[in-house]
Structure formats: structure tokens, C-alpha cells
Amino acid sequence: SLYVDICMLDFVNRLFLRVSPNVTAWCGALEDYLRQQKYYLRGQDPLQRHFGNCVLWFTSLQDAAHTHVKQILENVRSDLIITANRRATEMSENPAPVAEPTRTVNSEDCSSFVPPAPLSPTSGCETQDLPKSSRASAYLRSRCALCFGSTTSPNPADMTAAGPRIIVMLDACFTHKHRDQHGRDPPRLHPDTMFIPEEEVKKWEAKVRDARPTKSTKRQTDTENQDDHFEQCMRVPKSALDVCLGSFNAAHETLAKASASGYDNTADAALLYPHDACLFMVAMDSPGERQHFMLALIGELFKHIPDDWSVGVLYDIGCQTERSCLKWGFLKEYLHHIIWGVWAVFHTYGHNWACQLIYHPRKCRGLGLCDGEGCERCWSCLSHLVAYTRVVGYYLRLYTLDTQLHYHNEQTLWNAGEWLRRKTRQCNARRLQAEHDFQESEQDIMFLRAQWEDQVESQTRPLPSELSIVLVKFYELT
């Protein structure tokens, strides 16, 4: 048996948040140090197995205790809000004040709570504190109090004028893989996991497969000879969307971006908010960037927010995703609440100019200076785990990624003040420059807006067909 001081285990946990977890190297260094001090341990690797188990269960204990305390606070908060709402209702019905004993929380109440079972984002979406139509779920509020902790409902008129209520970003990283070990280790989920359950992802995969036809009903020649037009409710013509489709590998679901041979997970896909921290994660099992993974992330988000909230979604192929949703009916209950955009750095300039006029974040009301590159910073914080998570057990990999993502979210929250100050300075600098340029133009604001609308209308107009061009030339000659 091996006894390890809790302070030492806590130190190792904090160390493994900053470097790749390596119990073998830690125990080897400790044995070598003890040997130099003339302390000898019997056997081969006498510490590695026992110390690894200690670290494993201490981490689980810490996470379970943290989740248990958070659940107690949520239950108390829920009771207080329900009591306050009941009192407000009684006061409105009966003008005379009604005395009620205040509820106190004693040790017996706390001891009656059972430790929480491992939760998933889906199971945590049902909040009891307020109706779904009034504020975000407790799950989202625990992720970012800045974005989702508001207690007042916004004015719908202000929301329409200002743009989306929240902004999220989507991305997939094919560097994070997991080797197929022809079996899985015993299930061990983080008590506050960010990964969407496999069953939920499979449901979305089935929806996409059932909605799309297996084979095209039109011949290729018919598609090529078809005049340019607007598809469904798209604001960009078909010709521009086809150019964007050919510019991005992510738009080709069947194109392999990573080898699937020997891997049961080929990538990870994440949904993040503008502070560069993660809300939801999906473990991908396809060599290409299949659309149902991104749809599962967006659908999961809408389960946690009020029905009247609008969402700005930044995705490198946001135009193609909206195109598919309108064509095949994906997310049809949420589409009128989504403002699609594409990333403003690197990815945007692969899009056709007509597409940029509509989907560039700088040209979408309410998306502001968001660039979507927070996804890359999130993948960077996980980069030291690439080699480790590729060879460990399946569930240990998910647990390790969850632990690292929680640490990253905490660090992001600690740095929120500096982040807000930096962004405020950037916004002020951009505003002053824009006001200077406007004054230099010596034009009326309404005139400039009308010119911009005319430019968008002109440059997003469908291209004329070859027959139309021939007829125009014929009439010009005659």
C-alpha cells in the first residue's frame, strides 16, 4: 500500500493542468531523487501503479465534491426564487401583507443531499429556478456569468435593433485523435462534463441521413444549365455559394481531413463563446467534418437558452450551413433566431465577395469585432495533451479534456477584467477612427447607408444566364 499526502496530490493535479500528465516520469524522478538520498525502494516501478491510482481517485473526489457543493447552492437558490415568486403572487392577489416563516438551511438539510451522478450538458439543461423563457440555464451560467448570468430580460425591441443576444463560435480540430484500442476502459465521466452524449450525436446523424436523399434526383447537366438564382430564403445567389463550397475542405463532408484508420475518434468539435472558453464539445468519429456534429452543438445550445433569444453563430462555412438548414429543414425551429457569420480572420477571404457582403462579421449587425479566432486559442491550450490523449483509455481521454477545459474556463474568467479593458480600448479606437473617416467624407449618413444598400443589392444579384447574355447582344446588334 502507498500513502500520499493530500497536499502532494493537489500539487500534482495542478502541475498536470499545465503539462501533459505523466505519472511514469513523476515517479521515476521521485525514485531517482530518493536513491540519491540513500533511500531505496524494492521492486520494479514500486510507485507508478499505486501513485497513479491515488491521483486518479483524488481527482475524481475533488470534481465530485465541487459539483456536489455547486448542486447544493443551486437547490437553495431555486428554493429562494420559488419562495420569492410565491410571495410576489400572493402580494398581488392580497394587498394585505401575508407573513410567512423564512426558510433556513441547517446541517440536516445539507446532509440530505446525495452526491450528484455524472451529468451531461443534456441532463443539466432542465433548470428549476426560473421558466426557460426568462434566463439561461444553470449549466450556461456556470460556464460564463458574464454572458449568461443576467437576471433581467432584455427588451425584444432592443434585441432586434442591436443584433444577437449572444455570440458563439464553432470549430473542429483534427489534431486531437484517439487510437482505437479494440475496446474501452470502464466508463468514467466528469461530474460536470462538456461532452454531448454519443446517443444525442447519433440522433442528429440519423436526422441528417434521413433528410437528405441518397442519390441526386437531377442530372449534372441539368444543374450546370440552371440559371443563377436565390435558393430558398438565402441572401446570396447560388453561383456565389457554389464558389464558397469549392473553397473550403470543411464544406466537403466526404473529404478526409484526417486518417480514420486505427482511430475511433478522429477529431474534436467545440462550441465556444467570445471569451475563448468552451460551452460544449463533441468527439468526432468521421474523417471529414460532417455537418451533424455542428448541428448537434447548435441544437444543444438552444436547449439551454430562452425561446426568444437570438444567437450569432460564427463558423468558417456558416453560409453552407445555413444553406443546408434551409434546404433540408435542419434546426427549423431555431433558424429564425440564428444570425450566421463567417470568421473574420483568414477564413473569410476564402469566400466569394458576394458572400462576404452578407456573412462577414463586420457587416452583420450585432457581431461587432468578434473574429471567431477564440477557437484556435482553445485548441492551443489543449495542445500539450495531444500525445497523451491519443493513447490513453477512451473515457480517461474525455475526463482529461474536461478537466483541462474547466481549468481553461476558470483562467478565462479570472482574466475577464483585463479582457474587457482591452476590448473597450479597441472599440473606442475603432469608433474614433470611424467618426474621423465619416467627417472626412463630408457626406450625410443616410446617403452613405443608401449607397451601401445599393452596393449590396447590386453585387449579390444573380448572374445572368448565357441565353440572356446572347439575347442582349442580339438586340444591341439589331
Once you have the Cα-Cα distance between GLU90 and LEU146, take 0.36 nm times their residue separation minus that, and quote the gain in nm to one decimal. 16.9 nm
So if each residue of separation counts as 0.36 nm, and I subtract the Cα-Cα distance between ASP5 and LYS38, what length gain in nm does that give? 9.7 nm
For the range 156-438, calculate the relative contact order in percent as a whole number, restricting contacts to Cα pairs under 8 Å that are 6 or more residues apart. 29 percent
R0 = 30 Å: FRET efficiency of HIS50 with ASN415, Cβ-based, nearest 0.05? 0.20
Using a/c under 1.5 as the rounded threshold, could you call the range 1-92 rounded, prolate or oblate? The axes a ≥ b ≥ c are square roots of the C-alpha gyration tensor eigenvalues, and prolate needs a/b larger than b/c, oblate otherwise. prolate
Label-point gap, in nm, between SER259 and ARG209 - each point 7 angstrom along Cα→Cβ: 2.6 nm
Could you tell me the calculated FRET efficiency between ILE81 and GLU376, based on Cβ-Cβ distance and R0 = 51 angstrom, to the nearest 0.05? 0.85
About the Cα centre of the range 156-438, how large is the charge dipole given +1 on each Lys and Arg Cβ and -1 on each Asp and Glu Cβ? Please answer in debye to the nearest 20. 200 debye
Please give the length that would be gained between SER383 and SER60 if that part of the chain were fully extended, namely 0.36 nm times their separation in residues minus their C-alpha to C-alpha distance (nm, one decimal). 114.0 nm
For the range 333-402, shape from the Cα gyration tensor axes a ≥ b ≥ c, cut at a/c of 1.5 then a/b versus b/c, turns out prolate
FRET efficiency, 1/(1 + (r/R0)^6) with R0 22 Å, evaluated for ARG362 and LEU463 via beta carbons: 0.30
Amide H within-cut-off set for ILE167, under 5 Å, with H built and near neighbours excluded: GLY312
Put in order of increasing Cβ neighbours within 10 Å, starting from the fewest, LEU413, LEU367, LEU295 give LEU413, LEU295, LEU367
Would you mind checking which residues have amide H under 5 Å from MET284's amide H? H placed 1.01 Å from N; only 5 or more apart, or other chain. THR266, ALA267, ASP268, ALA269
Run the simple label-point estimate for ASP228 and ASP308 please: 7 Å along Cα→C-beta, distance reported in nm. 4.1 nm
Along Cα→Cβ, 7 Å out, is where each label goes; now give me the distance between the ones at ARG18 and ALA434 in nm to one decimal. 4.1 nm
For MET234, MET446, MET91, what ranking results if the residue with the fewest other Cβ atoms within 10 Å of its Cβ goes first? MET446, MET91, MET234
In which sequence would CYS375, CYS319, CYS381 go, from the one with the fewest C-beta neighbours within 10 Å to the one with the most? CYS381, CYS375, CYS319
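We did not get these values from a lab; they are worked out from the coordinates using the rules stated. None of these values were measured; they are calculated from a predicted model. Cβ: placed from backbone, ideal geometry, glycine included. Neighbour counts: every protein chain shown.
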